[in-house]
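Below is one structure, written out as structure tokens, with a few remarks after it.
Nothing in this text is a laboratory measurement; each read-out follows from the coordinates by a stated rule. Given the structure is predicted, the values throughout are model-derived calculations rather than measurements. No Cβ is skipped: glycine too gets one built from the backbone with ideal geometry, and neighbour counts run over all protein chains shown.
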Amino acid sequence: MTTEASHGQDFLSKFGRLPQSAFPQQIARAYRLLHDRQWYSQQETRDYQLNLAKTITSHASKNVPVYRDLYGEEIEIRSWEDFQSLPTLTRTKYSAAESDQKVAERTPPNSKTIGSSPTSGTTGAMVWIAHTPLANAWRCACILREFEWLGVEPSGDCAICRQPVSHDSPDWSDEIGAEVTPCWVHPAIQELLPIGRGYKFDIGLPIRKIADSIMELQPAFLHGTPSFFLSIAEFLEGFRPKAILTISEQLFPDAKRKLENAYGAPVFDTYAAVEVNRVAASCPNSDGYHVHDENVIFEVLDEKGRPTPQGETGRVVITSLHNFATPIIRYELGDLAELGVPCSCSRGLTKVETFHGRQVSRMMLGNGKYRVATSLILTLRDLPQVNQVQIVQSTLDRFKVAYVANRDITDDEKRKVQTVFEQLAERKVQVNFCRVERIPPLPNGKTPPFVVDPGLAG
Ligand SMILES: [Zn+2]
């Protein structure tokens, strides 16, 4: 462990103000713990997690029917081996259980349900997650540590471009094309930091209308998917936000570079899921991400359920350490990721090299097998005229490549791309190229670079 002095002042002392009410004070305490703990060793972090994991699994096996069925009553976790031998829970299985099976019959006083969120339902399976004061405080504290890592003075408004937004809300403004809220993160954070207004744009509106509003408002921050901010960049010439905060999609290195060039601002990527709140964010000193290990246990497992070695892709399995109302333990999010080697920044937090998104960047090979399609996506996006691309797999050997570009892909380039397709698929495939004006987002607001037809994925 290194001393506090060598790692600088915490973000709240630098930019914050003294909170008056209890909840922001609780957030500030949790943030200061995160600020200090990021420099603890991996072993110290592991011990801390194991203690919390013992408490939450014991609580869940006693008080939550879905875990009681899975583990048997009164389970006791003594070691990492015990924890890692617990069965994992898939999103499909979890969402199939009745809601009263997933909510704790008894909770500690700081873990009463005070609200809820449904998941985005990308896979069709909706999951309902309770908000509690304890889980919310940790969520907000993780957001503060993300601000610290971003390292930008936090005042100013934010344009949020993540998904279609209903026009029925009382906060909706027709003139702006967005829902307007007084604070763009959790309102309690406004008592701690000079956070500005949020403009939650309806990304279903014409892109020109959104761009005109952003030019008029000149928000300090942009928050949303990389693909959306790439597609709108040509209409925002000269606009210079403080930072672009990306989420919900795999941030490819070329997209990051293009965004930085187009907006002249740093790009900061975060990875979160409704089930477990904040999970990871860009390391401020290197490529890759750090996990909020004090909020979640983040595992990457192979097909047999064993931890994958560094550099190999595996399934993300996650445990929420602070939600006692709807516990989430060894839960398969449906995403893929690769762990990295310990980070040069000397933070002891788990390092993730790459997130591959919700199993969308994978080609289906048949017999239930998939292959990560990153090489294919990168080949297409490396073509100089291509701004955005989406591959749709309709059968095992038929693909459509939709792309946004200022000129057609040449026959030579098509042959090169075809070769990469066939190397991945290990067979002859049919590829149709289709130049389009715009690739529309899916109803959940995402524009994945690889889509397997739902009929085929069935
Ligand atoms: Zn790092």
Exercise. With each label point set 7 Å from Cα along the Cα-Cβ vector, what nm distance links GLN9 and ASN432?
Worked result: 6.1 nm
For this session: Could you tell me the distance between the Cα centroids of segment 14-83 and segment 410-445, to the nearest Å?
Result: 44 Å
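Counting alpha carbon pairs within less than 8 Å and at least 6 residues apart, what relative contact order, in whole percent, applies to the chain?
Working: 883 pairs, mean separation 65.3, N = 458.
This gives 14 percent for the chain.
Expected output is a single nm value to one decimal: the length gained when fully extending between GLU422 and GLU353, i.e. 0.36 nm times separation in residues minus the C-alpha distance. What is it? Show your work: numbers first, answer last.
On the way: separation 69, 0.36 × 69 = 24.84 nm, distance 2.67 nm.
Separation in residues times 0.36 nm, less the Cα-Cα distance, equals 22.2 nm.
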Problem set entry | Sequence-distant residues sharing a close amide H with THR90 (under 5 Å, placed H) | GLU332
For this session: Please give every one of the lysines within straight-line cross-link reach of LYS428, meaning a C-alpha to C-alpha distance under 21 Å, and leave out same-chain neighbours fewer than 8 residues apart.
Result: LYS369, LYS400, LYS414, LYS416
Problem set entry | Simple Cβ-charge dipole of the chain, Lys/Arg +1 and Asp/Glu -1, about Cα centre, in debye nearest 20 | 400 debye
Problem set entry | Amide N of segment 149-173 lying under 15 Å from the label point, which is placed 7 angstrom from the Cα of ARG17 along Cα→Cβ | 154-156
Problem set entry | Antiparallel DSSP beta bridges within segment 155-265, as percent of all bridges there, nearest 5 | 35 percent
Problem set entry | segment 155-265: Lys pairs at Cα distance under 21 angstrom, eight or more positions apart or on different chains | 4
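Please get the size of the charge dipole for segment 304-458, origin at its Cα centre, with Cβ charges of +1 on Lys and Arg and -1 on Asp and Glu, quoted in debye to the nearest 20. Intermediate results must be reported in sequence, preceding the final value.
Working: 22 positive and 15 negative charges, 54 e Å.
For this selection, approximately 260 debye.
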For this session: At a Cα cut-off below 17 Å, give the lysines reachable from LYS62, other chains included and same-chain residues fewer than 8 away excluded.
Result: LYS54, LYS102, LYS112
Problem set entry | Kirkwood hydrodynamic radius of segment 236-278, from inverse mean 1/r over distinct Cα pairs, in Å | 11.4 Å
Exercise. At q = 0.15, 0.24 Å⁻¹, what base-10 log of I(q)/I(0) does the Debye formula yield for segment 362-457 when every alpha carbon is treated as an equal point scatterer in vacuo?
Worked result: -0.55, -1.40
Exercise. If amide H atoms are built 1.01 Å from N in the plane of the peptide, which residues on other chains or at least 5 residues away come under 5 Å of the amide H of PHE450?
Worked result: ILE391
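Helix-only mean residue ellipticity at 222 nm, the chain, DSSP H runs n ≥ 4 weighted -39,500 (n - 2.57), per residue, nearest 500. What is it?
-9000 deg cm²/dmol
Past the 42 angstrom mark, what percentage of all C-alpha to C-alpha distances in the chain do you count?
Numbers: 16013 of 104653 pairs.
Cα-Cα pairs of the chain separated by over 42 Å account for 15 percent.
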Seminar exercise, completed: Applied in sequence order to segment 162-178, the curve 6.51 cos²θ - 1.76 cosθ + 1.60 (Karplus, θ = phi - 60°) yields integer Hz couplings, x standing for Gly and Pro, of 10, 7, x, 10, 5, 8, 7, 5, x, 8, 6, 10, 5, 5, 7, x, 8
Problem set entry | Where GluC sites (Glu not before Pro) fall in DSSP loop in segment 149-193, at most 14 other Cβ within 10 Å | GLU175
For this session: Specify which residue in the list PRO133, THR319, TYR71 is farthest towards the positive end of the charge dipole of the chain, using unit charges on the beta carbon of Lys, Arg (+1) and Asp, Glu (-1), about the Cα centre.
Result: TYR71
Exercise. For ARG78 and GLN25 in the same chain, what is the full-extension length gain: residue separation times 0.36 nm, less their Cα-Cα distance, in nm?
Worked result: 15.8 nm
Seminar exercise, completed: Farthest towards the positive end of the dipole of the chain, among PRO309, GLY238, ALA159 and with Cβ unit charges of +1 on Lys and Arg and -1 on Asp and Glu, lies the Cα of PRO309
